[in-house]
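For reference, the structure discussed in these notes is given below.
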Amino acid sequence: MLHSGAAIVLTILLMVLPLPAVAADEAANPWFQKLLSKPGLVIEDVSILAEETILDVYRDNGFRPMWNRANVEDLMRLIDESPNHGLNPVDYGQQQLMNVLMVWLQDPSDEARARVEILLTESLLRYGYHRRLGKIKASSIDPDINFRREAFNNQAPATTLSQALAAPSLSAFIEKLAPSGPFYRALQDWLKVYVALEESGGWGSVQSGATLRSGDSDPRIPSIRARLALTGDLATGANRTSTTFDRDLDNAVKSFQSRHTLDADGIIGAQTLAALNVPVQRRVEQLRASLERLRWIRQEAVETVVAVNIAGFRANFFKDGELVWNTRAMVGKDYRQTPVFRGDIAYMEFNPTWTIPPGILRNDTLPAIKRDPNYLTSKNIRVIDSSGRTVDPATVNWNQYRTSVPYTLRQDPGPNNALGTVKFIFPNKHLVFLHDTPARQLFDRPERAFSSGCIRVEDPLRLAELLLDDPAHYSRSALQGIVDSRKTQRIRLKPNIPVVITYLTAGLTADGRVAFFKDIYSRDEAVLAALNGPVRIDAPEHGGN
């Protein structure tokens, strides 16, 4: 935001700014072409990164001025409010724009106007790209990410810039270019709350000590009450000074735990204490990183979609824009991380077989067989040779194999099948899909990074019922009948259903409170480094440069 007297200076400046309403018959300004024809143009220490695009804009307009006072006011306001998106006003030359506008007041020449307008247009293009696509090209951090990055209306950026400047409201055009959506806006609101907490000094650390439970007395409890009051977990009007762990504090601790991927047991042990002591600056960073990631997937935000948040261990299904299914999920272990990408669910398979993939065979199955000769039989896994014949596992000398075997190991359908009763296939190079699991007790764990990369979901038959959306043929009881048959059956979806797998370390609870999740794969650091790093403009995939 603008600090000290800068906002007042800007207001006065815009009141006297000689930018008129642009007239259709306004004369061409030769300085646009002169300045933009020089490679490596720098204005007020700002490198003009979009010279060619800006040259196209002014060439198409006959090299006439395009900015008026209303648009300047709108742009400066957008830049001033960019921290609400987790962005940095410095990236858009906030102070440099103030400088050139001040210079122009003293020197309203054609050259000065051209310099002002070029810098304004560069700033608008940077801001528009970052709001629509994110400051960071996601695939530059993680090449597996394949989210769409399409130009507005699939048109050249110069066309979009011209439309923005001709629109009745620049702010309204930007919102059309990059619609926020309710989830994004809610995280913005929480970002404001946590930035305000940071600016007021945040919270102090709670000292380590013995585990605390309801009914305990401890001199640290007032500081815990103060900490929980700051983030709205302690009810308004609750005692702030008592050293006794009362019911209000018990409820506050459970509220805090439920927002931080912890067992909501009301007990302040080592993990809860560590979460309480995470500094507010880290929570601000998580919100900023999550807003950036939401900008990456904005163009995937269709009305009907399955959405998975790896860090939050949750899976959701939105039907016609409404959340109709939300469940706990398990994701990949740290050394078998679930990738971030998009796909389309093409079919589901009931009573699936499971062919053990090479990585799991090498790292898990083969060592287990060597430890326990009955392992394959106990897991209902068949050994199949290259001719398709079933081989008795007891006749194989497994100790001679180190990393692979000349057999296919396939687990038949049944209660112990690793994929459970149903799997949801969206073809992808990672061989990742959603599926059931026989290990349902693990859903009760607050942190659920247990899989080999695929996503295990709770109550998958409900998801199947919703995706098929055909109660006459595929009611819950009909689907259960298919499962009970123990026969493998594949059902195609028409049309395919998009699935988006993302990684948000800040999100929302069911009642709209902010939730924070552990950065289980340590992915936030790279996003934040790029957000705080040099400005960049990465072109969209379609429509011009």
Q | Filtered residues of the range 221-241 (kept if in contact with a Gly (Cβ under 9 Å, 6 or more places away or on another chain) and buried (at least 19 other Cβ atoms within 10 Å of the Cβ)) | A | R227
**Q.** When residues of the range 314-347 are limited to those that are closer than 20 Å to L493 by Cβ and of a type in the set (K, R), the one surrounded by the fewest Cβ atoms within 10 Å (Cβ to Cβ)
**A.** K319
Q.
Given the criteria in contact with an Asp or Glu (Cβ under 8 Å, 6 or more places away or on another chain), open to solvent by less than 60 Å² (accessible area, probe 1.4 Å) and not aliphatic (A, V, I, L, M), does T244 qualify?
A. yes
(Q) Looking at T327, T365, can you tell me which residue is touching a Leu at 6+ places or on another chain (Cβ under 8 Å) and part of a strand (DSSP E or B)? (A) T327
Q) Could we say that R456 is part of a strand (DSSP E or B), among the basic types (K, R), modelled with pLDDT of 95 or more and within 27 Å of the chain's Cα centre (by Cα) here? A) yes
(Q) Of everything in the range 384-419, what is under 20 Å from P357 (Cβ atoms), in a loop (DSSP other than H, G, I, E, B) and touching a strand residue (DSSP E or B) at 6+ places or on another chain (Cβ under 8 Å)? Give them in sequence order. (A) D385, V396, Y407, D412, N417, A418, L419
**Q.** strands (runs of 3 or more DSSP E) enclosed by the range 463-527 - at least 2 residues per element that are open to solvent by 20 Å² or more (accessible area, probe 1.4 Å) and of a type in the set (D, E, K, R)
**A.** 489-502
Q | Elements of type helices (runs of 4 or more DSSP H) contained in the range 155-217, each with 2 or more residues being out of contact with any helix residue (DSSP H, G or I) (no Cβ under 9 Å at 6 or more places or on another chain), under 30 Å from R247 (Cα atoms) and open to solvent by 20 Å² or more (accessible area, probe 1.4 Å) | A | 182-199
Q. Consider A439 against the criteria (1) open to solvent by less than 20 Å² (accessible area, probe 1.4 Å); (2) under 35 Å from the mean Cα position of the chain (by Cα): it satisfies all of them except one. Which criterion is unmet?
A. (1)
Q.
What are the pairs with Cβ atoms under 6 angstrom where one residue, in the range 343-365, is within 19 Å of V306 (Cα to Cα) and the other, located anywhere, is part of a strand (DSSP E or B) and among the charged types (D, E, K, R)? Sequence gap at least six, or different chains.
A. Y347/R490; Y347/R492; E349/K423; E349/R490
Q.
Residues to consider are L14, L87, L55; find the one that is over 28 Å from R293 (Cα atoms) and modelled with pLDDT of 95 or more.
A. L55
Q | Lone unmet requirement of (1) assigned to a helix (DSSP H, G or I); (2) of a type in the set (S, T, N, Q); (3) more than 30 Å from N153 (Cα to Cα) for N239 | A | (1)
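Among the residues in the range 191-206, are any within 22 Å of W296 (Cα to Cα) and under 31 Å from the mean Cα position of the chain (by Cα)?
Scanning the range 191-206 turns up at least one residue that is within 22 Å of W296 (Cα to Cα) and under 31 Å from the mean Cα position of the chain (by Cα).
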Q) Of (1) open to solvent by less than 50 Å² (accessible area, probe 1.4 Å); (2) modelled with pLDDT of 95 or more, K254 satisfies all except one. Which? A) (1)
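Is it fair to say V535 is buried (at least 20 other Cβ atoms within 10 Å of the Cβ) and β-branched (V, I, T)?
No; evaluated as a whole, the condition is false for this residue.
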Q) Which one of G128, G204, G134 is modelled with pLDDT under 95 and not aliphatic (A, V, I, L, M)? A) G204
(Q) Taking the condition of being assigned to a helix (DSSP H, G or I), open to solvent by less than 20 Å² (accessible area, probe 1.4 Å) and more than 20 Å from P30 (Cα to Cα), how many residues in the range 41-77 meet it? (A) 4
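The values are calculated or read from the model by the stated rules, or taken from the named source; none is laboratory data. Remember, it's a predicted structure, so these values are computed and weren't measured experimentally. Positions of Cβ are generated from backbone atoms using ideal geometry, with glycine treated the same way; all protein chains shown enter the neighbour counts. With ligands, DNA and RNA removed, areas are computed over all heavy atoms of the protein, side chains included. Shrake-Rupley method; radii C 1.70, N 1.55, O 1.52, S 1.80 Å.
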